[in-house]
Structures are given as structure tokens and as C-alpha cells.
1. Per-residue ellipticity at 222 nm for the chain, helices alone: DSSP H runs ≥ 4 residues times -39500 (n - 2.57), over residue total, nearest 500 deg cm²/dmol?
2. Give, rounded to the nearest 20 debye, the magnitude of the charge dipole that the chain has about its Cα centre when Lys and Arg contribute +1 at Cβ and Asp and Glu contribute -1 at Cβ.
3. Take the alpha-carbon centre of the stretch 25-92, take the same for the stretch 152-207, and report the distance between them in whole Å.
4. Of Leu98, Leu41, Leu13, which has the largest mean-square fluctuation in a 10 Å C-alpha GNM of the chain?
5. Using 7 Å Cα-to-Cβ label points, what is the Thr179/Arg152 separation (nm, one decimal)?
6. Enter the angle in degrees (range 0 to 90, nearest 10) between the Cα long axis of helix 95-104 and the first principal axis of the Cα atoms of the chain, meaning the one along which they spread out most.
7. Express the relative contact order of the chain as a whole percentage, based on alpha carbon pairs under 8 Å and six or more residues apart in sequence.
8. Starting at 0 and stepping by 5 Å, how many percent of the alpha carbon pairs of the chain end up in each bin?
Amino acid sequence: MSGNVETRAIRVLIAEDLHMIRGALVALLSSEPDMEVVAELERVDQVAGAALETQPDVAVLDIDLPGLEGLEATESLAHTVPACRVLILTGLGQPNYLLRALQAGARGFLLKDAPADSLADAIRRLSRGEHVLAPSLMTATLAAGSNPLTSRESDVFRLANLGLTTEEIGSKLVLSPATVRNYMSSGISKVGGRNRIDAIRIASEAGWL
């Protein structure tokens, strides 16, 4: 005796702050016969609560959203809804973002300029327990290597990139101006920059900041 076995739809949570992009993602995935969008959010700090309520199989998160960084939300989901697999969907193609995403517990990393059908395929693969990583970014990540900067050097670079002076950086990090200059000098040397502006550019493009 045979019968039809109904397969449960893959439950998907989407977090994207741009309304037009979020709407397009919802429309795209809702048209898939084996998927159901159970939550659509514009802030990452809404993710944990919504995931607890809706129990998604896959969460599609932008890496840079208001309220909380997408990678922090990824770590939070690993504790609150461990069965939910996270797919980072982003326009930020810097190599080190992939490493940071994997360290945070993400199972997938997809660039926003990927073909439209790549998203649905990635969600299906994640729901089966697979990992999905953008091939071009994998190659770039391996070529870039690991972050050579210490956490303090990264902090100094990030604040300098915001336009803060040496004295202002020292005040924020509770360091003397001389120590800030030492961190800046060592960081410039490690990334191979010609000067602080060039070094910050190199570190930013590699995703180290």
C-alpha cells in the first residue's frame, strides 16, 4: 500500500534592513514550493526573539544591520535556537568576513550579487546539514591569509578610520598618545602599508577591521 508523504516546508527567517531588498527576498522565497518565510525583520536584535517564537530551519541574515552586528546574532542563535542554520547574505565581500562568519557559527555565506536561484539552493543545502560558501570569496580568503593585527592594533585602525586624532584615540582606549602611535606603526608594518591611510585601506579591504 502506498501513499503520498507530505514534506514539511523549510521554515525561513529573513533579517535585512533595506525594505526593498527584504521584500524581494520574501517574494523570491515565498514562490518556492518547499519554503515558508516565517519571519521578516529589519533589526538584528529582533532575531533571537523571533527565532524562539517561529523556530526557523534557516535564518538569512545581513552581516551589517541596525541594533546588533549580524555575526553577534549568529552566535546568539547558536544558543537560543541551535537547530537553526545561519546563512549570511551580504554585499561585503572582504575575505576575513568569511572567517569571522564561520567562527561565529554560520553554515553559509553568500554574496548579494550571486544569481537569484543561488539563495534558494543554499537554503535547501543548509537545511540538509551542508555548508554553503561563496567560491570566489573562499579563494580570496585563502589568498589573504589570517588577520595579522592584534585586537589593539585593529581598535586603533578602526578609530583612526573614523577620523579621530591620536589623542582622541588614546582617550577612548585609555592609552597614552605614544602607545597609540606605537600600535599604529606596528600595524602599518604588519599589513605592508606605505602610511596610515594606505594601511587602513588594506586592512579594511581584507575585512580585518
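Values quoted throughout were computed directly from the atomic coordinates according to the rules given, and no laboratory measurement underlies them. Note that the coordinates shown come from a computational prediction; the quantities given were computed from them, not determined experimentally. Cβ sites come from the backbone with ideal geometry, for glycine too, and all protein chains shown count toward neighbours.
1. Taking each H run of at least 4 residues, the total per residue is -15500 deg cm²/dmol.
2. On the way: 19 positive and 26 negative charges, 168 e Å.
Dipole of the chain, to the nearest 20 debye: 800 debye.
3. So the two Cα centres are separated by 33 Å.
4. Sorting by GNM fluctuation, first place goes to Leu41.
5. The answer from the label model is 0.6 nm.
6. 60 degrees
7. Values: 318 pairs, mean separation 30.6, N = 209.
Worked out over the chain, it gives 15 percent.
8. Pairs per bin, as whole percents: 1, 7, 14, 16, 15, 13, 10, 9, 6, 4, 2, 1, 0, 0, 0, 0, 0.
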